[in-house]
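Encoded as structure tokens, the structure appears first; notes follow it.
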Protein chains: 2
Amino acid sequence: MSDNKTEMDFYPTRTSSKSSVLPRTDPVTYCDSCDELTKDQVEFFEKNGYIIFENLFSSDEVGKLFDELTLLSNDETKKDMPQFILEETQRDVRSIFEVHKISTLYNRLCRDKRILKIVQQLLGSKVYIHQSRVNLKPGFDGKEFYWHSDFETWHSEDGMPNMRAISCSISLTKNYEFNGPLMVIPGSHKDFVSCSGKTPDDHYKQSLKRQEIGTPPKEILEQMVEKSKIVSAKGSAGSVIFFDCNIMHGSNGNITPYPRSNAFFVYNSICNTLVEPFCGLKPRPNYIASHDFNPLESVDSFLHSK
Amino acid sequence: MSDNKTEMDFYPTRTSSKSSVLPRTDPVTYCDSCDELTKDQVEFFEKNGYIIFENLFSSDEVGKLFDELTLLSNDETKKDMPQFILEETQRDVRSIFEVHKISTLYNRLCRDKRILKIVQQLLGSKVYIHQSRVNLKPGFDGKEFYWHSDFETWHSEDGMPNMRAISCSISLTKNYEFNGPLMVIPGSHKDFVSCSGKTPDDHYKQSLKRQEIGTPPKEILEQMVEKSKIVSAKGSAGSVIFFDCNIMHGSNGNITPYPRSNAFFVYNSICNTLVEPFCGLKPRPNYIASHDFNPLESVDSFLHSK
């Protein structure tokens, strides 16, 4: 149990105990109606914790997003903003956080009804952006991301009380089997892995490069993969994966010349806004874990005004 | 041109010049007859530089190979032999070189006619083992191997004069798209990439962990992939890939729980035995680059005596 006095901690983690698997006490989906998604699609998400849509955005639309990304990542005046994560050895941009506040186009993108309506249906409420970013994962030396549940971090380090958030990743390049696509373990979102180890101060400065605290031990991952399997999100540019905040996921590195860029939005229900971090430390900066809980209003298309 | 006085260096590399692409002056295949392989299969190898056989060995046979590997890698009395490459942080075995001299079973395996006859046909001569090893590439933190041509190293560091050698990798575990399978660039074996940079002394001590000298620059890799594509060697345990000594290949890391173990034999034609290394340094140790040029005699099956 955490020291947090105002909220019950249903998902204790970063403790001195051995890592263990706890049951999820929250629903996965909050919808009965068939609005944007069919009953089958909702059931698929409920069971597996993810759903993929091929070509949700056209190549023309992806082109516009790419152009904007190129402009942003070449803008020397912005590179010293904390939102801009640069390569260790040079000033190339690796990620841009809070991109929906930095770019009007990406602000509209996160409100595009083709994605927003799906998230609202699954979470059964209005939503706001907990985190946004674009990743430019380059070819040749793209680094791996080890297995983790995002919720484990958002709960302990950001104070997200419950599992009522969904991530949406929009591919801006083709995802091959070769260039380190996102891998998920279907069904793993129904278990919460309570991880061993105290969170260090300012953990995010390290964990955004390579996460070690808050990752499950090998035995638990082996059990999860044995029970299920691994699925990777392959597809053309413009395809979109929605995944539950607690699904176990990761990605291998990428030595191929193919970059793997994507826009990434985390939608949290307005019924699940942040409290004090359950790890007892100060919250991460707003550009990583937003305290702007204003619900998003949809636009018909990110390219055109209503 | 190298300083080597006795042999012409048709493939200068590790020079102070910029990396460049030179034409291959050697044939790829040396056979007219249809012996083990059909004409189509030989043509496929000639054009692409590799060929894959699913289930060349049965799961029972793979089981025997795995048992032997387990015995060897748990043998504390052997772990201090230079042939045993251990993990950096613990005494787990990562690779065992010269395994065909350490294990009778693996000695018979490299002479099993199901593989030896294919190599002899493609190279049009008797062959000997230039290098053998088993790799236990573990799950969770299997490291990537960056793009390289083996011949580039064998030529410069071992003194292999010409391109008349073939590697054979026998899968001892399933190769998924997820666990960092071998990736090749079909057709790349017809170009020789002369690499920039002087070879340091005892380069193998570093390059077996992570190769940097002797790897092509990004622009050349981009051109090669643009001209062709990437193919990965997926398949069940017991499948076998033969690939040309000069094909550009590499593999991504592996964060999955699935290990990726294989037995690896390099067959060199007895018409292509080693001379002084073209880089001008002393040759690598025998367990990495053998000077035992005795031709191999085949056995019907590695499990049973003739």
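Side notes on the structure shown:
- When only alpha carbons are used to place a centre, the stretch B:237-299 and the stretch A:163-198 end up 37 Å from one another.
- Counting only residues at least eight positions apart within a chain, or on another chain, the lysines with an alpha carbon under 19 Å from that of B:LYS47 are B:LYS39, B:LYS190, B:LYS227, B:LYS229.
- Cα gyration tensor of the protein assembly as shown - equivalent ellipsoid semi-axes, whole Å, descending: 49, 27, 23
- Placed amide H near A:LYS126: partners under 5 Å, 5+ positions off or other chain: A:ILE270
- Modelled spin-label separation between A:MET8 and A:HIS291, with each label point placed 7 Å from Cα along the Cα-to-Cβ direction: 2.6 nm.
- Result for chain B in a Gaussian network model with C-alpha springs under 10 Å: among B:PRO186, B:PRO23, B:PRO216, the largest mean-square fluctuation is at B:PRO23.
- Using a 7 Å Cα-to-Cβ projection, A:SER19 label spacings across copies, nm, ascending: 3.6
- Our coupling estimate for the stretch A:129-134, obtained by passing each phi through the Karplus curve with A = 6.51, B = -1.76, C = 1.60 and θ = phi - 60°, is 8, 7, 8, 9, 6, 10 Hz, Gly and Pro reported as x.
- Projected label points at A:ASP60 and B:ASP92, each 7 Å from Cα along the beta carbon direction, are separated by 5.2 nanometres.
- Inter-copy separations for A:PRO285, label at 7 Å along Cα-Cβ, nm, ascending: 4.9
- Highest-fluctuation residue, A:GLN223, A:GLN83, A:GLN131 considered, GNM on chain A with Cα pairs under 10 Å: A:GLN223
- ³J(HN,Hα), Karplus 6.51/-1.76/1.60, whole Hz, each residue of the stretch B:237-244, x for Gly, Pro: 4, x, 7, 9, 10, 9, 9, 4
- The GluC sites (Glu not before Pro) of the stretch B:27-109 that meet both conditions, a loop assignment by DSSP and at most 13 other Cβ atoms within 10 Å of the site Cβ, are B:GLU54, B:GLU76, B:GLU87, B:GLU88.
- What separates the Cα centres of the stretch B:51-68 and the stretch B:70-111 is a distance of 18 Å.
- Antiparallel DSSP beta bridges within the protein assembly as shown, as percent of all bridges there, nearest 5: 95
- Label points for B:TYR30 are taken 7 Å from Cα along Cα→Cβ. From this copy to the others they lie 7.1 nm apart, shortest first.
- Neighbour-count ranking [beta-carbon atoms within 10 angstrom, fewest first] of A:CYS195, A:CYS271: A:CYS271, A:CYS195
- Distance cut-off 35 Å, percentage of C-alpha pairs in the stretch B:25-263 lying past it: 9
- Couplings 3J(HN,Hα) of the stretch B:16-29, computed from phi: 7, 6, 5, 4, 8, 9, 10, x, 6, 9, 9, x, 8, 10 Hz, in residue order, whole Hz [Karplus 6.51 cos²θ - 1.76 cosθ + 1.60, θ = phi - 60°; x for Gly and Pro].
- Candidates A:SER188, A:SER207, A:SER239, ranked by Gaussian network fluctuation over chain A, Cα under 10 Å, top entry: A:SER207
- Estimated inter-spin distance, A:LYS113 and A:LEU303, nm [label 7 Å along Cα→Cβ]: 1.7
- Only Lys, Arg (+1) and Asp, Glu (-1) charged, at Cβ; the stretch A:25-263 dipole about Cα centre in debye: 260
- Spatially proximal aspartates and glutamates relative to B:LYS117 (Cα-Cα < 16 Å; intrachain offsets below 8 disregarded): B:ASP32, B:ASP35, B:GLU36, B:ASP244, B:GLU297, B:ASP300
None of the figures in this text is laboratory data; all of them are computed from the coordinates on show. These numbers were taken from a predicted model, which means no experiment stands behind them. No Cβ is skipped: glycine too gets one built from the backbone with ideal geometry, and neighbour counts run over all protein chains shown.
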